[in-house]
Amino acid sequence: MLYPYESRSREVKDLSGVWRFKLDADNVGLQEKWYEKPLEDTIPMPVPASYNDMTQDVRIRDHVGDVWYERTFIMPSTWAGKRAVLRFGSVTHFGRVWINGTYLMEHKGGYLPFEADISGMAAPGDEVRVTVQVNNVLDYQTLPPGEVEILDDPYKYEKPIRVQRYFHDFYNYAGIHRPVKLYSTPQNYVKDVRVVTDIDGKAGIIRYETEVCGSGQVRVEVRDAAGALAGTAEGGKGEIRIENAVFWKPMESYLYRFTVMVGQDDKAQEDVYTMKVGIRTVSVDNRRFYVNGEPVYFKGFGKHEDMDIKGKGLDQAMWIKDFNLMSWMNANSFRTSHYPYAEEVLDLADEYGILVIDESPAVGMTFFNDENKRMFVPERVNDQTQAFHKSVMRELISRDKNHPCVVMWSVGNEPSCWEEAAAPYFKGVIDETRAADPTRPVTMVSCAFPYGKKKDKVAQMLDVVCINKYYSWYEDSGMLDVVEYQVRKELSLWYEEYGKPLIMTEYGADTIAGYHSDPPVMFTEEYQIEMIRRFNKVFDELDFVIGEHIWAFADFATKQGTTRVIGNKKGVFTRERNPKSVAFAVKARWELM
Ligand code: BDP
């Protein structure tokens with residue numbers, strides 16, 4: 001699905017702002033058809049943002065089920081004869097939309113966009129009411145998975161309480177998290193474009209394929225960053241060769257402007273769609289990861305879309321700060337742990353030259369500490385979940401396929417991939433991913449082992465092994481002296497067993513900014529520095545290690561529990577983006593790499 005950039009033939013109306021919001025405390029709104037007329041007793045709610053932290057009302061923060069959003073807008077009077085497409089960047093985790101009380105569309109999956117043409121439902125100049133039912137429930141057929149539990153022990157609860165259980169470590173923020181846009185296109189329009197780039201000596205090659213709705217001839221042109229014409233082509237599918245091209249490289253971005261035009265013989269170009277394209281190649285062998293044929297070492301972080309007050313709502317200010325902090329640290333990459341991030345973020349990564357491991361929302365698919373409970377069983381994560389997981393991978397690839405920053409797909413994070421049924425489950429998902437995009441390597445982030453009872457059954461299907469390890473934290477807590485032996489031992493076994501390059505996608509320590517001790521103890525800034533230093537020392541000895549992503553970029557919100565003191569504190573930065581001491585130590589290391 002294409003991002004709605006404006007162009008000569010396309011206008012974009014941003015519907016972000018303050019919407020009307022209503023809690024559906026008893027989850028009766030759908031049955032009572034709240035969408036039929038304007039919502040009553042609403043409160044103001046910003047879009048994009050999570051609703052959870054916006055009020056002082058714990059019933060809103062902890063609600064399990066539906067909430068409703070509504071606003072009105074004017075259909076632009078200049079759009080007569082055009083398509084008018086209403087597009088949501090994301091609604092977490094399920095959204096159903098009505099226009100003036102008439103059903104329009106619905107979408108399952110909290111981190112990907114959906115859209116529909118509403119031009120047949122309202123005339124130019126009309127006032128339009130849009131109503132959205134937003135549902136935050138997680139079950140075993142959603143990603144991430146979860147389970148709604150009814151607490152009904154009469155000795156403990158006055159009346160039954162519905163609680164949302166989930167097995168991942170970030171707060172289940174919900175709402176309309178990304179921009180809502182109304183955009184116009186002509187009736188004959190560019191529906192999709194796919195580019196794949198290649199390098200031939202000094203020349204760059206852009207292979208493209210377009211999907212056009214309606215009739216019309218397709219013309220394509222490429223301009224360099226200064227606006228000079230670099231190449232043209234005719235037809236819906238083809239190739240453009242640019243001699244002496246400037247390539248997109250990690251930390252050295254260069255973007256061409258790629259324009260698709262559709263027009264009739266006798267008319268000027270009807271639809272024009274322009275996007276940025278970086279010319280680069282990605283490949284992998286059994287020891288290295290290459291961008292443009294040059295080996296790269298991933299330096300960076302696992303992250304979250306997370307900010308105080310706004311939760312997971314897209315915050316461009318936060319993102320610019322984060323990209324500047326990543327550049328300041330000499331990082332060259334991050335993983336979209338643990339779900340696809342906003343499209344606006346990938347545009348920034350393209351511009352900053354940051355490599356992105358693009359992850360699906362398959363996180364928390366494990367009962368790691370409960371040996372007797374399995375996740376991949378017919379009554380939990382099952383065939384229906386797999387079918388949904390495959391469709392999420394297709395949607396993700398359809399959305400992100402043209403971003404040069406995206407160099408690898410991650411099909412999930414830390415599933416119990418040692419279970420028998422996990423292997424066929426992930427084989428299906430990985431095959432689907434490779435079919436949808438044969439050009440990028442595929443990984444899955446694992447917390448399993450290369451041996452024993454929890455031996456990884458998926459790693460052999462992947463191009464790169466990515467693992468998360470917390471030596472001296474969750475196990476052998478406080479024992480920094482075991483770190484080096486354990487990293488060396490386990491990583492070597494991974495390589496012996498699977499023979500793939502390895503990225504340590506998570507390692508880190510909860511650290512309360514301002515806590516100090518020497519010798520270091522857990523939760524102090526010195527402990528975080530020392531743990532990371534010891535991991536890094538061993539990475540430098542092992543030549544199949546192709547990257548280090550510290551967990552995490554910044555502190556973030558989690559559900560409440562005895563191991564979380566107002567969230568996860570493993571950030572190199574605080575939630576407000578102030579550096580902990582480790583930031584300076586790692587910045588100095590990455591400067592030399
Ligand atoms: C890993 C998860 C990550 C957690 C982290 C932690 O991938 O989401 O936040 O552990 O416990 O298991 O800090």
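The values are calculated or read from the model by the stated rules, or taken from the named source; none is laboratory data. Since the structure is predicted, the reported quantities are computational estimates derived from the model, not experimental observations. Cβ: placed from backbone, ideal geometry, glycine included. Neighbour counts: every protein chain shown.
Confirm whether residue 465 is surrounded by 19 or more Cβ atoms within 10 Å (Cβ to Cβ), under 25 Å from residue 532 (Cα atoms) and within 16 Å of the ligand (Cβ to nearest atom).
In short, yes.
Is there a residue being assigned to a loop (DSSP other than H, G, I, E, B), within 16 Å of the ligand (Cβ to nearest atom) and either surrounded by 22 or more Cβ atoms within 10 Å (Cβ to Cβ) or not hydroxyl-bearing (Ser, Thr, Tyr) (or both) anywhere in the stretch 340-356?
Taking every residue of the stretch 340-356 in turn, at least one turns out to be assigned to a loop (DSSP other than H, G, I, E, B), within 16 Å of the ligand (Cβ to nearest atom) and either surrounded by 22 or more Cβ atoms within 10 Å (Cβ to Cβ) or not hydroxyl-bearing (Ser, Thr, Tyr) (or both).
So which of 321, 373, 312, 299 is within 16 Å of the ligand (Cβ to nearest atom) and at negative phi?
312
Just for the stretch 541-577: of the residues that are of a type in the set (Asp, Glu) and more than 16 Å from the ligand (Cβ to nearest atom), which one is nearest to residue 531 (Cα to Cα)?
Only one residue tops the list, namely 541.
What do you reckon, is residue 426 touching a strand residue (DSSP E or B) at 6+ places or on another chain (Cβ under 9 Å), in contact (Cβ under 8 Å) with a residue 60 or more places away in the chain and away from the ligand (no atom under 16 Å from the Cβ)?
Spelling it out, it is not the case that residue 426 is touching a strand residue (DSSP E or B) at 6+ places or on another chain (Cβ under 9 Å), in contact (Cβ under 8 Å) with a residue 60 or more places away in the chain and away from the ligand (no atom under 16 Å from the Cβ).
Would you say residue 418 is touching a Lys or Arg at 6+ places or on another chain (Cβ under 7 Å), within 16 Å of the ligand (Cβ to nearest atom) and over 29 Å from residue 251 (Cα atoms)?
The answer is yes for residue 418.
Go through (1) more than 12 Å from the ligand (Cβ to nearest atom); (2) surrounded by 15 or more Cβ atoms within 10 Å (Cβ to Cβ) for residue 519 and report which single condition fails.
All conditions are met except number (2).
Residues are listed down the side, and each one gets a yes or a no for (1) surrounded by fewer than 19 Cβ atoms within 10 Å (Cβ to Cβ); (2) not acidic (Asp, Glu):
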site	(1), (2)
414	no, no
417	no, yes
420	yes, no
474	yes, yes
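Residues checked against (1) touching a Ser or Thr at 6+ places or on another chain (Cβ under 6 Å); (2) over 18 Å from residue 224 (Cβ atoms); (3) of a type in the set (Gly, Ala, Ser):
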residue: 254; (1), (2), (3): no, no, no
residue: 258; (1), (2), (3): no, no, no
residue: 270; (1), (2), (3): no, yes, no
residue: 278; (1), (2), (3): no, no, yes
residue: 282; (1), (2), (3): no, yes, no
residue: 292; (1), (2), (3): yes, no, no
residue: 313; (1), (2), (3): yes, yes, yes
residue: 317; (1), (2), (3): no, yes, yes
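Just wondering, is there one or more residues in the stretch 377-391 that are under 14 Å from the mean Cα position of the chain (by Cα) and farther than 21 Å from residue 457 by Cβ?
No, every residue in the stretch 377-391 fails to be under 14 Å from the mean Cα position of the chain (by Cα) and farther than 21 Å from residue 457 by Cβ.
What do you reckon, is residue 128 in the same structural domain as residue 38 (by TED's automatic domain parsing) and either modelled with pLDDT under 95 or closer than 21 Å to residue 184 by Cβ (or both)?
Yes; evaluated as a whole, the condition is true for this residue.
Residues of the stretch 215-232 being surrounded by fewer than 19 Cβ atoms within 10 Å (Cβ to Cβ) and either without any contact (Cβ under 8 Å) to a residue 40 or more places away in the chain or under 30 Å from residue 300 (Cβ atoms) (or both), which ones?
223, 224, 225, 226, 227, 228, 229, 232
Is it the case that some residue within the stretch 501-524 is assigned by TED's automatic domain parsing to the domain that holds residue 421, without any contact (Cβ under 8 Å) to a residue 60 or more places away in the chain and within 19 Å of residue 285 (Cα to Cα)?
Checked against the condition, which is being assigned by TED's automatic domain parsing to the domain that holds residue 421, without any contact (Cβ under 8 Å) to a residue 60 or more places away in the chain and within 19 Å of residue 285 (Cα to Cα), the stretch 501-524 yields at least one hit.
Being in contact (Cβ under 8 Å) with a residue 24 or more places away in the chain and assigned to a strand (DSSP E or B), is that true of even one residue in the stretch 47-60?
yes
Is it true that residue 496 is away from the ligand (no atom under 16 Å from the Cβ), assigned to a helix (DSSP H, G or I) and surrounded by fewer than 18 Cβ atoms within 10 Å (Cβ to Cβ)?
yes
Residues to consider are 382, 332, 413; find the one that is out of contact with any helix residue (DSSP H, G or I) (no Cβ under 6 Å at 6 or more places or on another chain), away from the ligand (no atom under 16 Å from the Cβ), touching a residue at least 40 places away in the same chain (Cβ under 8 Å) and within 24 Å of residue 441 (Cβ to Cβ).
The match here is 332.
Answer yes or no: is there a residue in the stretch 578-586 that is closer than 18 Å to residue 308 by Cα and more than 16 Å from the ligand (Cβ to nearest atom).
For the stretch 578-586, residues closer than 18 Å to residue 308 by Cα and more than 16 Å from the ligand (Cβ to nearest atom): present.
Looking only at residues in the stretch 418-449 that are in a strand (DSSP E or B) and within 23 Å of the chain's Cα centre (by Cα), which one is farthest from residue 390 (Cα to Cα)?
Only one residue tops the list, namely 446.
Select, from 102, 142, the only residue that is without any contact (Cβ under 8 Å) to a residue 40 or more places away in the chain, among the β-branched types (Val, Ile, Thr) and touching a helix residue (DSSP H, G or I) at 6+ places or on another chain (Cβ under 9 Å).
Sole residue among the options that is without any contact (Cβ under 8 Å) to a residue 40 or more places away in the chain, among the β-branched types (Val, Ile, Thr) and touching a helix residue (DSSP H, G or I) at 6+ places or on another chain (Cβ under 9 Å): 102.
How many residues are touching a helix residue (DSSP H, G or I) at 6+ places or on another chain (Cβ under 8 Å) and not in a loop (DSSP other than H, G, I, E, B) if we restrict to the stretch 499-522?
Adding up the residues that qualify gives 3.
Return the pairs, sorted by first residue and then second, in which the second residue is outside any loop (DSSP other than H, G, I, E, B), the first residue lies in the stretch 558-573 and is closer than 16 Å to residue 166 by Cα, the beta carbons are less than 8 Å apart, and the residues are 6+ apart or on different chains.
Within 8 Å, the pairs are 558/564; 558/568; 559/166; 567/556; 568/556.
Looking at the stretch 443-459, which of its residues are under 19 Å from residue 547 (Cα atoms) and within 16 Å of the ligand (Cβ to nearest atom)?
The answer is 443, 444, 445, 446, 447, 448, 449.
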